[in-house]
Amino acid sequence: MWRGLWTLATLTARGPRSLGPFTRHGSGAPAPGSGATIFALSSGQGRCGIAVIRTSGPASRHALRSLTAPQDLPRARYASLRLLCDPRSGEPLDRALVLWFPGPQSFTGEDCVEFHVHGGPAVVSGVLQALGSVPGLRPAEAGEFTRRAFAHGKLSLTEVEGLADLIHAETEAQRRQALRQLDGELSHLCHGWAETLTKALAHVEAYIDFGEDDNLEEGVLERADSQVQELELALGAHLRDARRGQRLRSGAHVVVTGPPNAGKSSLVNLLSRKPVSIVSPEPGTTRDVLETAVDLAGFPALLSDTAGLREGVGPVEREGVRRARERLEQADLILAVLDASDLASPSSCSFLDTIITTTRAQSSSGSKQRLLLVLNKSDLLPKGGPGPSPELAPYLLLSCLTREGLDGLLEALRKELAAVCGDPSAGPPLLTRTRHQHHLQRCLDALGQYKKAKDLALAAEALRVARGHLAYLTGGGGTEEILDVIFRDFCVGK
């Protein structure tokens, strides 16, 4: 064991042996071919008013001069109107706005240029070909701009993932969650946890070195134990809530169920705003599970239309009913649909018994399955409302034909999905990926080993392992395989 004056500052400076790597942004891993200057179209393909073409790398300055010669470089981070010409022939290509971002004050941390050109395919193609003729430039790979931003410490890995989620966000809730992660909330939280482990490790290491000295203040190990205990509680709370963030990113599973001819397919078509399911007066039209991804009241959902639950049918429909029951067990939210004009029928009574039994069984097994009872065909009801029915739970009235009651249903869905997916506007940042959950669980496991350790050296090593997993979460741990998976989903030009 090392000797010398041990303080928190020297422990932090000691490096991987004592504390493990943990930096605010990135792992320092270089992007593939980071010495080259890359270029790509960063806006969407096809005709558009304005197209943005960007470069990043040491030859960006030369590229800008080549296309705008003989003019000087524009003022940094100010838009300038310039005539772009082909550096080989001198032929004019377009009159465009150009922006010069000298590194490290740029998105990637390198010298960058943006060309805001007219969005016609011929203009875009001409400018890209002109850039390709400049020595030292090559087309960018998918996600290479963002990967360079990570490599140069502009974004942590969780912020990179937030940027990817923002690009792919399809609902309001996904956008809000992605923005919070891109703003670094999860990264800052992990950084605070790492500082807590740094202090705990400093106390343990100090006791190992100076435990027999009289000038070591009392309660050093007790403070370390207290810090570890507080961190365990925080990690446990986030891990228990981990599925909500994953549902918010990939979609909650909403299953529409009910007896035959209750209007399930009509409701699915109404909520998805497209003809997903066949609607027919004939009972039992839907015989398989039909799925569609939808935006439900601002939350992502995988909406499933299922076969009507009934007995005594043919083999094909029996298989559909079996699949419907299986899908009910996997649902995060059940939309139970009944015919409001025929609640006393045997099929409605049997369905109510089935759905109540199913949800109670899920609750007893620890699953937090949620249920909304929808009475469809309210336009067929007399003014007195729905007729008598056994054990009728709180319900929502709806007419898929007239859309009366749709606003109330959407508001109820918003509240239920906010509970299932979490509120992206409030509370601590959510864990949106399996990778986040994995590293926090390993960190928690290492803290458990710390508490069980009989030897202080083993206890210190457990704290280093725990801190290392927090570093992997925000910095990728330097493994190219993990980085390749994360950047694979980015488009070219981002």
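The values are calculated or read from the model by the stated rules, or taken from the named source; none is laboratory data. In this text the structure is predicted, and so the values were computed from the model without any measurement. We place every Cβ from the backbone using ideal geometry, glycine too, and count neighbours over all the protein chains shown. Note: areas computed on protein heavy atoms with side chains; ligands, DNA, RNA excluded. Shrake-Rupley method; radii C 1.70, N 1.55, O 1.52, S 1.80 Å.
Values as computed for the structure displayed
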quantity: Area accessible to solvent at Lys377, 1.4 Å probe radius, in Å²; calculated: 50 Å²
quantity: Links that overshoot a 28 Å alpha carbon limit, given the list Lys264/Lys415; Lys274/Lys383; Lys199/Lys494; Lys415/Lys494; calculated: Lys274/Lys383; Lys199/Lys494; Lys415/Lys494
quantity: Cα-based shape type of the stretch 117-167, given that a ≥ b ≥ c are square roots of the gyration tensor eigenvalues and the cut on a/c is 1.5; calculated: oblate
quantity: Karplus-derived HN-Hα couplings along the stretch 45-59 (A = 6.51, B = -1.76, C = 1.60, θ = phi - 60°), whole Hz, x at Gly and Pro; calculated: 6, x, 5, 7, x, 10, 10, 10, 10, 10, 10, 8, x, x, 8
quantity: Convex hull projection area averaged over all views, the stretch 94-144, Cα basis, nm²; calculated: 4.2 nm²
quantity: Equivalent ellipsoid semi-axes, the stretch 157-258, via Cα gyration tensor eigenvalues times 5, rooted, Å; calculated: 42, 16, 7
quantity: Computed E for Lys454/Arg322 - FRET, C-beta separation, R0 60 angstrom, nearest 0.05; calculated: 0.65
quantity: Rounded FRET efficiency, nearest 0.05, which uses the C-beta distance separating Arg77 from Ala142 and R0 of 22 Å; calculated: 0.25
quantity: Cα→Cβ-extended label distance, 7 Å offset, between Ser125 and Asp423, nm; calculated: 5.3 nm
quantity: Spin-label proximity, Ile50 to the stretch 120-149 - amide N less than 14 Å from point 7 Å beyond Cα toward beta carbon; calculated: 120
quantity: FRET efficiency, Ser133 to Ile167 (Cβ-Cβ, R0 51 Å, nearest 0.05); calculated: 0.95
quantity: Inverse mean reciprocal Cα-Cα distance (Kirkwood Rh) of the stretch 65-214, Å; calculated: 19.2 Å
